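To keep things clear, I will list the structure first and then write my remarks on it.
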Amino acid sequence: MEELLITTTEEGAKTQELLHQLFDLLGEALTDEDKRVLEQLLKERIESGELHRNAFGLNPVIMGLQTAIIAVQEEGMGRDGVMAIMMYSIGHTDDSDENVNRIISGLHRIQELYKKNPVIESENFRNLLLSFAEDMRVILIMIADRVNLMREIRDTPNKEAQHRVSEEASYLYAPLAHKLGLYKLKSELEDLSLKYLEHDAYYMIRSKLNETKKSRDAYIEKFIKPVEQRLSEAGLHFHMKGRTKSIHSIWQKMKKQQCGFEGIYDLFAIRIIIEVPGTKDELRELRTLEHAQCWQAYSIVTDMYQPNPKRLRDWLSVPKSNGYESLHITVLGPEQKWVEVQIRTERMDEIAERGLAAHWRYKGVKSESSMDEWLGSIRAALEAGDGIQMMNDFRMDLYEDEVYVFTPKGELKKFPRGATVLDFAYHIHSNIGSKCTGARINGKVVSFRYELSSGDQVEIMTSSNQTPKQDWLNIVKTSRAKSKIRLALKEAQVKDAVFAKEMLERRMKNRKIEMEETVMNLLIKKLGFKEARDFYRQLADGSLDPNSVIERYQELQEAQHLPAAEQRHEVRSAEEFVLQDSPEERLSYSNDDVLVIDKNLKGVDYQLARCCHPIYGDNVFGFVTINGGIKIHRTDCPNAPELRRRFGYRIVKAKWSGKGTSQYSVTLRVIGNDDIGIVNNITSIISKEEKIMMRSINIDSNDGLFSGNLVVNVEDTTRIEALIKKLRTVKGVKQVMRI
């Protein structure tokens with residue numbers, strides 16, 4: 001049980017000292033009336049005997065004042081935030097001040113979340129905290145409060161609580177500080193967490209760093225000076241800085257590399273930040289220039305100092321998944337010491353420091369997450385020094401985009417706004433989703449149509465009799481749930497079709513009618529079905545009458561068994577017969593295929609480009625050659641970007657018209673498992689296709705895989721796309737593409 005607060009003489013003096021320090025920091029932001037009210041409230045609450053020390057025996061008034069000072073000094077907190085911190089710390093609510101009361105309400109609301117025993121290591125829990133804090137100052141206060149608490153619990157005998165608080169600082173508050181660009185507080189939280197969780201490691205590294213600080217600073221200066229001179233001579237605009245790694249990051253490297261302190265090459269890093277002007281309108285050209293200048297700087301540094309090729313990290317060519325771009329190289333500097341050099345541009349540095357949402361993900365490039373975009377704007381305002389008072393203008397728009405809900409075990413799941421209980425059920429498991437009948441939300445029973453809200457604790461209810469329905473696709477919001485429902489519906493249809501086929505066979509057997517597969521397939525086609533499964537599906541749902549089907553089957557079967565002379569043939573005119581051209585002759589282009597060049601010009605001579613082999617139906621453009629002729633390219637031709645960039649004035653518009661009756665040669669690349677019969681299966685499909693003729697096939701086999709090129713003649717893109725789709729369904733085929 002928490003101890004009642006009895007303020008000592010020493011604590012009283014410290015309270016006054018901290019209070020006046022806070023007043024000095026805020027200056028004119030606090031009115032005389034604010035100061036009087038605050039002093040009076042503190043005095044009344046201290047004398048009331050209703051305040052309690054926290055779990056560590058710390059004075060809540062002093063803790064509140066220290067937190068407020070950190071918030072002002074490190075986060076730019078203003079009058080409303082400070083008043084809220086102090087009133088919250090003494091358990092008072094200011095009903096007369098809407099802004100202050102909103103912040104206090106947010107702090108209380110977040111404390112309620114902790115009662116649900118959440119998994120704090122979760123990224124979703126950090127996002128939930130942010131979404132719950134309608135005023136951003138709530139999060140800033142939480143970070144400042146945790147920094148202050150971590151500073152004050154150094155000598156506490158309550159090691160279990162110290163351990164828990166430190167883990168929360170590491171998993172929750174340090175990442176929050178990083179999201180907001182509060183890097184100094186982030187590093188302090190990580191270092192203090194290490195200090196309490198791994199005491200010996202922390203003090204060992206701190207001692208080693210103190211021993212080497214003076215010589216390290218001198219060495220950085222010695223390394224930077226000649227590099228600056230060479231970069232300037234090359235005409236690059238840049239600035240350089242040296243940065244010693246935090247104790248926490250050094251320890252992480254020691255653990256990752258499984259080595260001692262002396263085995264860490266890069267206790268510090270030299271960063272070269274190149275200034276490349278550019279705008280979002282020319283982002284592609286800007287990045288080309290950025291890469292060129294980064295590699296130029298890399299070349300200069302590695303000419304001066306011997307590089308370690310094993311330590312090269314090229315995140316320019318292939319950026320990290322979080323958007324990080326930079327060149328890292330370790331070189332052998334003066335005195336034969338290894339030095340890490342990071343080379344990046346200002347844009348890359350901004351993204352590296354602030355994350356992918358840096359200032360609307362750098363000059364207008366849309367962020368992937370409204371959470372990050374919102375945080376980026378907050379962070380930019382903090383760094384610009386615009387003052388925390390502007391936070392009054394911010395409201396969380398996250399409710400429009402995403403919600404965070406709890407499982408019964410306290411795990412957090414993220415869903416798009418509008419997601420339902422059914423989405424949650426399918427997220428847990430497809431079987432849970434298919435059997436879902438509703439849920440208990442915060443103890444209250446709701447239907448599976450219920451829309452989730454942030455903070456809901458969801459317990460799914462199921463029934464063995466429940467099955468997915470077609471209208472469920474209109475209830476769910478997530479693509480995962482939709483795909484699971486479609487799959488379940490498809491499986492159910494397959495089962496129904498199997499049942500319908502067995503039922504039809506039983507009825508025919510009862511009537512002593514033998515089912516012949518060829519006759520049944522013919523009947524299915526005559527009834528207008530392309531696929532047998534569609535036929536059996538309609539039998540299963542009652543759209544087709546089994547008795548009528550059996551009667552039609554008998555008629556067809558009898559007709560099939562008549563002698564050839566008795567089979568009825570419709571008399572046809574000789575005029576209907578057309579002599580088929582040979583494949584070579586049919587490759588010529590029909591008059592029905594017309595290319596309209598530029599502004600309705602027809603009849604212009606053209607050639608189809610061999611680099612991309614366009615056919616009827618492809619999106620195309622014309623390119624005027626040196627000889628004045630026109631070559632037709634696909635718009636996705638590999639040469640198209642270069643032609644447009646270098647010879648844009650020679651590009652003309654082109655589009656197909658007519659009926660598309662010519663034959664075009666198309667090459668397909670097929671890759672798959674080298675199974676017996678797979679090539680026969682592929683060629684069999686092609687031979688059955690109407691108006692598609694195979695000209696050649698070239699197959700190579702290696703290590704159980706085959707790859708080859710198929711050349712076919714087709715009339716248009718519709719037919720080749722349909723063929724590709726069918727080939728992909730062949731068992732063992734891994735990839736089919738047009739080349």
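So if R0 is 45 Å, what FRET efficiency would ARG206 and LYS469 give, r being the distance between their Cβ atoms, rounded to the nearest 0.05? That gives a FRET efficiency of 0.10. Solvent-accessible area of TYR203, all protein chains in place: 70 Å² (probe radius 1.4 Å, heavy atoms, ligands and nucleic acids excluded).
How much accessible area per residue does the stretch 37-81 have, in Å², with a 1.4 Å probe?
Dividing the accessible area of the stretch 37-81 by its residue count gives 36 Å².
Applying the criteria of a DSSP loop state and at most 15 other Cβ atoms within 10 Å to the trypsin sites (Lys or Arg not before Pro) of the stretch 1-73 yields ARG53. A probe of 1.4 angstrom, applied to the heavy atoms of all protein chains, finds SER96 with accessible area near 100 square angstrom.
Using a probe of 1.4 angstrom and keeping all protein chains present, the accessible surface of the stretch 458-568 works out to 69 square angstrom per residue. Roughly how many percent of the accessible protein surface of the stretch 473-522 is carbon and sulfur, given a 1.4 Å probe and a whole-percent answer? Percent of accessible area from carbon and sulfur atoms in the stretch 473-522: 50.
I need the GluC sites (Glu not before Pro) found in the stretch 1-109, filtered to DSSP loop residues with at most 15 other beta carbons within 10 Å of theirs.
GLU2, GLU3, GLU50
Amide H contacts for VAL652 (H built 1.01 Å from N in the peptide plane; partners 5 or more residues away or on another chain; cut-off under 5 Å): GLY622, PHE623, VAL624.
Near LYS245, the amide H atoms lying under 5 Å from its own belong to PHE268, ALA269; only residues 5 or more places off or on other chains count, and H is placed 1.01 Å from N. With the highest mean first, a sort of the peptides 641-648, 79-86, 404-411 on other beta-carbon atoms found within 10 angstrom per residue produces 79-86, 404-411, 641-648.
For the stretch 1-119, the fraction of 1.4 Å probe accessible surface lying on carbon and sulfur atoms is 48 percent.
If you count only protein heavy atoms with a 1.4 Å probe, what accessible area per residue comes out for the stretch 613-739, rounded to a whole Å²?
Averaged over the residues of the stretch 613-739, the accessible area is 57 Å².
For the stretch 407-454, what % of the accessible area comes from carbon and sulfur atoms, probe 1.4 Å? Carbon and sulfur atoms account for 48 percent of the accessible area of the stretch 407-454. As a rough guide to protection, the peptides 166-174, 663-671, 149-157 ranked by mean Cβ packing within 10 Å, highest first, stand as 166-174, 663-671, 149-157.
The values are calculated or read from the model by the stated rules, or taken from the named source; none is laboratory data. Every value quoted in this text rests on a predicted model; they were computed, and no experiment measured them. Glycine gets a Cβ as well: all are built from the backbone with ideal geometry, and neighbour counts include every protein chain shown. Heads up: the accessible areas ignore ligands, DNA and RNA and are worked out on the full protein's heavy atoms, side chains in. Shrake-Rupley method; radii C 1.70, N 1.55, O 1.52, S 1.80 Å.
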